[in-house]
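The values are calculated or read from the model by the stated rules, or taken from the named source; none is laboratory data. If you're wondering where the values come from, they're calculated on a predicted model, not measured in any experiment. Neighbour counts are summed over all protein chains in view; Cβ atoms, including those assigned to glycine, are modelled from backbone coordinates with ideal geometry. Heads up: the accessible areas ignore ligands, DNA and RNA and are worked out on the full protein's heavy atoms, side chains in. Shrake-Rupley method; radii C 1.70, N 1.55, O 1.52, S 1.80 Å.
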Amino acid sequence: MKKIIVVGVLVVVFCALTGCAGAGAGYSASKKTNPKQAHKTNATSESDVVPTYPKPTPQVVGEPREAKALVGEWECKTYINSKLVIPSIKYVRDDHTASASKRIYKIFDDGKSMTVFVGEDGTESYHNGEWSYENGTLFMSENFNDPNIPVMRIKVLWYQDDLIEFRYDLPSYEKLISKSGVENVKVWYEPDGSLRTHMDVVSKGVHSTMMMIESPCRLKRIGDVE
C-alpha cells in the first residue's frame, strides 16, 4: 500500500522539481498557466499554496457501516496544487493549475484489495494488498503477516452507502512519506477535508521546500467486484 498512497505526493514533488507540474494532459480545475510565466510568480516563500480546485461540497457524516459495506469498486478524483521554494537561489514556483489524478480501490470480500493510481497523463499503476476494517477505520497493507511492512490506517467517513471519504491517520502518513526520502514532513487536514503537506526535499544536493494541498478523497461506488 505504501507505493500507492505515497505515489501521488512523490509525482507532484518530481514534477515540481523538473518543471512538469500543471503541464500534463487531462482534466484540470482552472485555466492552464503559461509555462514561461510559472517561474515568474509574485508568490513569496512565506505564503502557503492556494488551492484553485472547486471548493469541496459540505457533507453530513453518518454512522459507520459494517465491513461488508466496503466490498466493491470505489473511485475518487483528487486535485493537487503545489508550490516549490528553493531558498539558495531565491526561487519560487507557484503552480496555479491544479494537477489531477484518479484512484480506484477494489475491495474484495476475502480480505484482498487492489489499488489503481491513474496519473493526469493517463499512466496507471497497480498494487495488490490486504485490508481489514474495525470501528470505522480501514487498515491496508501489502501483507499483514510481515511486521516489516507498514500498515496504513484510514478513517472512513460515511456520507451515503455509495459515497465515502478517506482520511489518513496523519502520524502513519508522515512516517510513510519520510521513508520515501523526504525530510521534516508535516501534514494536516483543513476544515473542508483538504490535505496540506509541507516537506523538505533534497535533490542533487539542493535543499527545497514543497508545499501542497490536495482535495478530499471522496469515493463513489462504481460497481461490484468478483
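What the table below lists for this structure:
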{"quantity": "The lone exception for Leu157 - which of (1) within 16 Å of Ala69 (Cα to Cα); (2) open to solvent by 40 Å² or more (accessible area, probe 1.4 Å); (3) modelled with pLDDT of 95 or more it fails", "calculated": "(2)"}
{"quantity": "Filter pass, Gly111 being modelled with pLDDT under 90, among the small types (Gly, Ala, Ser) and surrounded by fewer than 19 Cβ atoms within 10 Å (Cβ to Cβ)", "calculated": "no"}
{"quantity": "Exclusive hit being of a type in the set (Asp, Glu) and open to solvent by less than 40 Å² (accessible area, probe 1.4 Å), set Glu226, Glu214", "calculated": "Glu214"}
{"quantity": "Meets criteria (of a type in the set (S, T, N, Q), touching a Ser or Thr at 6+ places or on another chain (Cβ under 6 Å), open to solvent by less than 20 Å² (accessible area, probe 1.4 Å) and not in a strand (DSSP E or B)) for Thr78", "calculated": "no"}
{"quantity": "Set Asp200, Asp192, Asp169, Asp161: member being within 18 Å of Val61 (Cβ to Cβ) and touching a strand residue (DSSP E or B) at 6+ places or on another chain (Cβ under 7 Å)", "calculated": "Asp169"}
{"quantity": "Whichever residue in region 29-75 is outside any loop (DSSP other than H, G, I, E, B) and at pLDDT 95 or above and, among such residues, is surrounded by the most Cβ atoms within 10 Å (Cβ to Cβ)", "calculated": "Trp74"}
